[in-house]
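*Asks:* Attaching a single structure in C-alpha cells format; questions to follow.
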Amino acid sequence: MKRVRLIPFKREEVLTVSSEVPRGIDIVQAPALWEAGHRGTGKVIAVIDTGCETTHPDLQPRITGGRNFTTDYDGDENNFSDNNGHGTHVAGTIAAAETGDGVVGAAPEADLFILKALSGDGSGQMEWIIDAIRYAVDWRGPNGERIRVITMSLGGPEDIPALHEAIAYAVQQDVSVVCAAGNEGDGEEHTDQFAYPAAYNEVIAVGAVNFEREITPFTNTNDEIDLVAPGVNILSTYLDGGYARLTGTSMSTPHVSGGLALLINVMEDEFNRDLSEAEVYAQLLRRTVPIGYSTREEGNGLLDLGLVERIAERYAESVGDS
C-alpha cells in the first residue's frame with residue numbers, strides 16, 4: 001500500500017498565548033480585502049491533513065464539519081481531532097477567527113471542513129487521501145454549501161495516477177486544489193525537485209519565502225510552481241489551545257488557500273455569479289508580484305491580495321490629476 005507523508009516542516013517555537021495578526025497575513029495583504037468588506041464569508045475550505053483541534057478558541061467558530069479517514073481513534077469517522085499539530089496550524093493560517101485574542105487567519109470568516117487523512121505520525125495511506133478529495137468535492141452542506149478550495153500540505157516523490165485522477169475530478173467540479181511545493185530544495189534554481197500532488201499541472205503549487213521576501217533554499221524548484229507566500233517562522237494555532245511558529249512550504253500553502261476564499265468573495269460579488277476554477281486561478285495570478293527570481297523558483301510571484309485595488313486607486317488618482 002502506497003503511503004504519503006506530511007511535507008517536512010520545522011517547529012521553531014511553541015507559545016501558550018498570542019494576540020496579533022501574523023506577519024505572513026500582513027505580507028500577503030489580506031487585511032486590504034478585509035477593509036473592503038471581504039473576509040471569506042460563506043466560502044468553505046477543506047483541509048486534508050492530520051485533523052484539527054476542534055476546541056481551539058480561534059478555530060471552533062469556523063469549523064463546519066469534517067471526517068476521519070484514518071485508523072486513528074479506532075477508525076471513528078466522526079473524530080477528526082488533531083494528534084499531530086500540523087493540521088491545526090494550517091487551519092489557523094487559513095481561517096482563525098478574529099476574536100480579539102489569539103491570531104487571525106487570511107479569511108477569518110471562511111468555514112473550515114476538516115478531513116483527517118494523515119495519522120498522528122504524519123503519514124497516511126494513499127487511499128485515505130484520494131477518498132478525502134472525492135468526499136470534499138461531493139459534499140454538500142444543509143443549505144447547499146459546497147467546498148470551493150481543498151488545501152493539502154502533504155506529498156511524496158511518486159506520481160500516483162489514481163491521485164492525479166482525483167485531483168482532476170476536483171478541478172473539473174470547479175474546486176481549487178492548493179498544495180505545498182515541497183521542502184527538498186537544494187538552493188539551485190535549475191535543479192528539479194518534484195513532490196506529488198504539487199507537481200500536477202491542475203494543482204496550485206505554492207513555494208515559500210521568508211519575511212524579507214527572499215526565496216527559501218528549501219523550496220522545491222521546478223516548472224510547476226505557481227506562486228510563493230510566506231513560509232518561515234509562521235505563527236498560527238497549535239495544540240492545547242496554544243500557538244506555534246513553524247517553517248516550511250506547508251506553512252506558505254494555507255496563505256494562498258485562505259486568500260482564495262477572499263478572492264472568490266470579491267469576484268463573485270463583482271460578477272454576480274459563481275466563478276469556474278479556471279477563472280478563480282486567473283484572478284489569483286492577477287494578484288501576484290514578481291520578486292526577482294526565475295519562474296522555476298517563484299512561479300508568477302508573491303501573493304499580494306490587495307494589488308488590483310491599489311493599481312485601480314493609483315489609476316483613478318492619475319486620471320484625476322490629468
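The values are calculated or read from the model by the stated rules, or taken from the named source; none is laboratory data. Keep in mind it's a predicted model, so treat the numbers as computed, not measured. Please note: Cβ atoms are built from the backbone with ideal geometry, for glycine as well, and neighbour counts cover all protein chains shown. Just the protein is used for accessible areas: all its heavy atoms, side chains included, with ligands, DNA and RNA removed. Shrake-Rupley method; radii C 1.70, N 1.55, O 1.52, S 1.80 Å.
*Asks:* Rolling a 1.4 angstrom probe over the protein chains, ignoring ligands and nucleic acids, what is the accessible area of E77 in square angstrom, nearest 10?
*Replies:* Probe radius 1.4 Å; accessible area of E77 about 80 Å².
*Asks:* Let me ask you something else. Relative to the Cα centre, what is the charge dipole magnitude of the range 3-320, using +1 at the beta carbon of each Lys and Arg, -1 at the beta carbon of each Asp and Glu, and rounding to the nearest 20 debye?
*Replies:* Result for the range 3-320 is approximately 360 debye, rounded to the nearest 20.
*Asks:* Positive end of the charge dipole of the chain (Lys, Arg +1 and Asp, Glu -1 on Cβ, about the Cα centre): tell me which of T70, I133, F9 has its Cα farthest that way.
*Replies:* The residue sitting farthest along the positive end of the dipole is T70.
*Asks:* Now for a different question. Work out, in µm²/s and without decimals, the Stokes-Einstein translational diffusion coefficient of the chain at 10 °C, 1.306 mPa s, Rh from Kirkwood over C-alpha pairs.
*Replies:* 83 µm²/s
*Asks:* Using a 1.4 angstrom probe, figure out how much accessible area the chain has per residue, in square angstrom, rounded to the nearest whole.
*Replies:* For the chain, the solvent-accessible area averages 39 Å² per residue.
*Asks:* Name the shape class, rounded, prolate or oblate, that the alpha-carbon gyration tensor gives for the range 83-206, where a ≥ b ≥ c are the square roots of its eigenvalues, rounded holds for a/c under 1.5, and otherwise prolate holds if a/b is larger than b/c and oblate otherwise.
*Replies:* Note, shape of the range 83-206 comes out oblate.
*Asks:* Given R₀ = 51 Å, what would the calculated FRET efficiency be for D159 paired with E214, taking r from the Cβ atoms and rounding to 0.05?
*Replies:* Rounded to the nearest 0.05, the efficiency is 0.95.
*Asks:* Using modelled amide H (1.01 Å from N, peptide plane; none on Pro or chain starts), what sits under 5 Å from the amide H of I63, excluding residues fewer than 5 places away?
*Replies:* Under 5 Å from the amide H of I63 lie the amide H atoms of L112, each far enough along the sequence or on another chain.
*Asks:* Enter the Cα centre distance for the pair the range 34-58 and the range 63-81, rounded to the nearest angstrom.
*Replies:* Taking the Cα centre of each part, the range 34-58 and the range 63-81 sit 18 Å apart.
*Asks:* Can you order the peptides 51-59, 200-208, 33-41, 83-91 by their average number of other Cβ atoms within 10 Å per residue, highest first?
*Replies:* Listed from highest to lowest mean packing, they are 83-91, 200-208, 51-59, 33-41.
*Asks:* Could you check how much of the accessible area of the chain is carbon and sulfur, as a whole percent, using a 1.4 Å probe?
*Replies:* That fraction is 45 percent.
*Asks:* Here's something else I'd like to know. Quick one: net charge around I94, please, counting Lys, Arg +1 and Asp, Glu -1 for every other residue with C-beta under 15 Å from its C-beta.
*Replies:* -3
*Asks:* So for the pair D192, D138, with labels modelled 7 Å out along Cα→Cβ, what separation do we get in nm?
*Replies:* According to this spin-label approximation, the distance is 3.4 nm.
*Asks:* Nearest 0.05, what FRET efficiency do A36 and F271 give at R0 = 25 Å with Cβ-Cβ as r?
*Replies:* Using R0 = 25 Å, I get an efficiency of 0.95.
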